[in-house]
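Derivation of every value follows stated rules applied to the coordinates shown; laboratory data play no part. A quick note: this is a predicted structure, and the numbers were derived from the prediction, not measured. We place every Cβ from the backbone using ideal geometry, glycine too, and count neighbours over all the protein chains shown.
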Amino acid sequence: MTISAIQQDMRQRLDRIIPEIEIRYKAELIHEILCLKKEKDVAILGHNYMEPALFHYVPDYKGDSLELSRIASRIDAAAIIFCGVKFMAETAKILSPEKTVLLPAEVAGCSLAESITAEDVKKLKGKFPGVPVVTYVNTYAEVKAESDYCCTSGNAAAVMNAIDSEQVIFLPDEFLAGNIAKETGKEIITLSREDLQNGFSDSVTEVIGWQGRCEVHEKFTVQDIESARSQFPGVVVLTHPECPPDVVDASDFSASTSAMVKYVEDSQAPHFLLLTECSMGDNIMAANPDKEMLRMCSVRCPHMNQITLEDTVASLRNDQYVIEVPEDVRVRAAAAVQRMLEIG
Ligand code: 13P
Ligand code: SF4
């Protein structure tokens with residue numbers, strides 16, 4: 001595809017999303033990325049939260065954390081560039097250790113991944129010996145390595161249901177844990193690092209959670225939904241399960257990022273309010289020109305925002321930034337991720 005063909009396509013596809021000046025600039029970067037990735041036999045994976053120009057033109061594979069984990073486990077290219085955040089690139093490396101895995105930004109974190117350490121998990125296992133540990137994919141490799149099962153927003157309930165145990169430790173997202181506990185009809189307590197130090201009373205609860213939160217999804221409120229419904233009757237409200245349980249309850253549909261994309265595609269409704277990271281609203285709007293996304297409650301994930309077209313070019317040119325996971329950690333983390341992939 002030539003630069004002018006990319007520009008033409010962008011003008012049509014991203015018409016309502018990107019101004020002309022940005023199209024001219026970004027088309028050149030996209031062209032360079034497409035040439036370099038072919039030349040270097042690199043596969044690019046892109047999460048649904050990538051900015052619209054990058055999302056629509058750069059990745060060979062796009063999706064949510066679960067879909068991208070599955071793809072990473074069977075990819076056929078010399079190297080992988082992960083346009084997402086660090087824990088996602090690490091998951092690709094855990095599943096494809098023989099491949100070079102690159103993250104375009106030196107730092108692209110996640111408030112959930114940063115909320116818990118391997119030491120915390122070891123202490124929890126000490127307090128609840130023999131209780132299986134389920135860890136959300138939004139964690140670093142050392143934490144996954146201390147876990148029995150990994151899960152994503154797309155399969156958390158299925159993983160919980162597949163475990164034959166009266167108690168489960170579910171880490172680290174307190175809201176996802178609360179939503180899954182509700183969905184599966186289980187009782188939950190949420191512990192903090194201080195609770196582990198100072199002691200706590202309730203140990204009969206079925207789900208033991210942790211006080212981690214997504215800094216994007218924790219911002220949404222029931223009031224956001226009520227005010228949208230009163231202003232725009234008939235609006236369909238979609239939430240990610242990292243939102244607080246009262247917000248999820250007040251919405252019409254709650255699921256992984258890709259399930260939300262599919263819901264909008266399949267729905268006949270004309271207006272949607274997406275309570276999730278805001279670039280995904282732009283990406284869905286571009287792919288569904290007949291549908292309207294309300295521009296409310298927009299919150300951009302500062303970590304996903306680290307991944308730019310410029311950094312992707314630099315990543316391809318300079319083979320940066322290489323994701324490394326120590327082999328002993330990788331093997332234990334891989335077991336938890338594989339158990340998840342086997343469940344479905
Ligand atoms: P998904 O697995 O639904 O894509 O979510 C990942 C994420 O980080 C949401 O904030
Ligand atoms: Fe982490 Fe939240 Fe950003 Fe997802 S949106 S990567 S959970 S901080």
For Q320 and E98, extending 7 Å from Cα along the Cα-Cβ vector and measuring point to point gives, in nm, a value of 3.0 nm
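Of K40/K62; K38/K99; K93/K127; K262/K291, which sit over 22 Å apart, Cα to Cα?
Values: K40/K62 20 Å; K38/K99 16 Å; K93/K127 31 Å; K262/K291 13 Å.
Violating the 22 Å limit, Cα to Cα: K93/K127.
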Dividing the Cα radius of gyration by the Kirkwood radius, what Rg/Rh value follows for segment 192-344? 1.05
Mind checking the angle between helix 174-184 and the chain's longest principal axis? C-alpha axes, 0 to 90 degrees, to the nearest 10. 70 degrees
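Please compute the net charge surrounding A105, taking Lys and Arg as +1 and Asp and Glu as -1 over other residues with Cβ under 9 Å from its Cβ. Walk me through the numbers on the way to the answer.
Numbers: positive: K86; negative: E106, D311.
Overall, the nearby charge balance is -1.
Computed from the mean reciprocal separation of all distinct C-alpha pairs, what Kirkwood hydrodynamic radius does segment 23-82 have, in Å?
Details: mean 1/r = 0.0835 Å⁻¹.
About 12.0 Å for segment 23-82.
Rule-of-thumb check for segment 257-343: C-alpha Rg over 2.2 N^0.38 Å?
Details: Rg = 18.3 Å, N = 87, 2.2 N^0.38 = 12.0 Å.
That works out to 1.52 for segment 257-343.
Which is the longest run of the chain containing none of the trypsin sites (Lys or Arg not before Pro) found in DSSP loop states (not H, G, I, E, B) with at most 12 other C-beta atoms within 10 Å?
Working: sites that count: R16, R74, R295.
Answer - 75-294.
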Across all Cα atoms of segment 178-267, Rg and the largest Cα-Cα distance (Dmax), in Å, are 16.0, 50
Relative counts (whole %) of C-alpha pair distances in the chain, using bins that are 10 Å wide: 6, 25, 32, 24, 11, 2, 0
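Charges at C-beta only: +1 for Lys and Arg, -1 for Asp and Glu. How large is the resulting dipole of the chain about its Cα centre, in Debye rounded to 20? Provide the component values of the computation, followed by the final result.
Details: 33 positive and 53 negative charges, 100 e Å.
Using only the charged Cβ atoms, the result is roughly 480 debye.
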Count charges around A259 for me, please; just the other residues with Cβ under 11 Å from its Cβ, Lys/Arg as +1, Asp/Glu as -1. -3
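Subtract the Cα-Cα distance of A78 and E310 from 0.36 nm times their separation in residues, and report this length gain in nm to one decimal.
Values: separation 232, 0.36 × 232 = 83.52 nm, distance 2.18 nm.
Full extension of this stretch gives 81.3 nm more.
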Based on Cα coordinates alone, diagonalise the gyration tensor for segment 1-154, multiply each eigenvalue by 5, take square roots, and list the semi-axes in whole Å, largest first. 36, 16, 12
HN-Hα couplings for segment 125-140 via Karplus (6.51, -1.76, 1.60; θ = phi - 60°), in whole Hz with x for Gly/Pro, come out as 5, x, 6, 10, x, x, 7, x, 10, 9, 10, 4, 4, 6, 9, 7
Cβ-based net charge around R300, under 12 Å, with every Lys or Arg adding one and every Asp or Glu removing one: -3
Looking at P245, A145, Q223, which one has the Cα that reaches farthest to the positive end of the dipole of the chain (charges on Cβ: Lys, Arg +1; Asp, Glu -1)? A145
What distance in nm separates the simple spin-label points at D249 and V204, each placed 7 Å from Cα in the Cβ direction? 2.4 nm
Residues whose built amide H sits under 5 Å from the amide H of Q167, excluding neighbours closer than 5 in sequence, are none
Euclidean distance of C-alpha centroids, segment 48-73 and segment 241-320, integer Å: 12 Å
With everything on Cα atoms, drop me the angle between helix 278-287 and the longest principal axis of the chain, reported from 0 to 90° to the nearest 10. 50 degrees
Tilt, helix 86-95 to longest principal axis of the chain (alpha-carbon atoms), in degrees rounded to tens, equals 80 degrees
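Express in % the proportion of alpha carbon pairs of segment 109-201 at distances exceeding 23 Å.
Details: 690 of 4278 pairs.
Everything past 23 Å amounts to 16 percent.
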Just grab the label-to-label distance for E20 and L196, each label 7 Å out from Cα along the Cβ direction, in nm (one decimal). 5.7 nm
From the helices alone, meaning DSSP H stretches of at least four residues, give me the mean residue ellipticity at 222 nm for the chain, per-run term -39500 (n - 2.57), in deg cm²/dmol to the nearest 500. -13500 deg cm²/dmol
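Roughly how many debye, to the nearest 20, is the charge dipole of segment 222-300 about its Cα centre, given +1 on each Lys and Arg Cβ, -1 on each Asp and Glu Cβ, and no other charges? Intermediate values should be presented prior to the final figure.
Working: 5 positive and 12 negative charges, 33 e Å.
Its charge dipole is roughly 160 debye.
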Average Cα contact separation per residue, the chain, under 8 Å, 6 or more apart, as relative contact order %: 22 percent
Checking segment 107-184 for GluC sites (Glu not before Pro) in a loop per DSSP with at most 12 other beta-carbon atoms within 10 Å yields E166
What does the charge dipole of segment 129-241 about its Cα centre add up to, to the nearest 20 debye, if the Cβ of each Lys and Arg holds +1 and the Cβ of each Asp and Glu holds -1? 360 debye
Checking segment 140-190 for chymotrypsin sites (Phe, Trp or Tyr not before Pro) in a loop per DSSP with at most 13 other beta-carbon atoms within 10 Å yields none
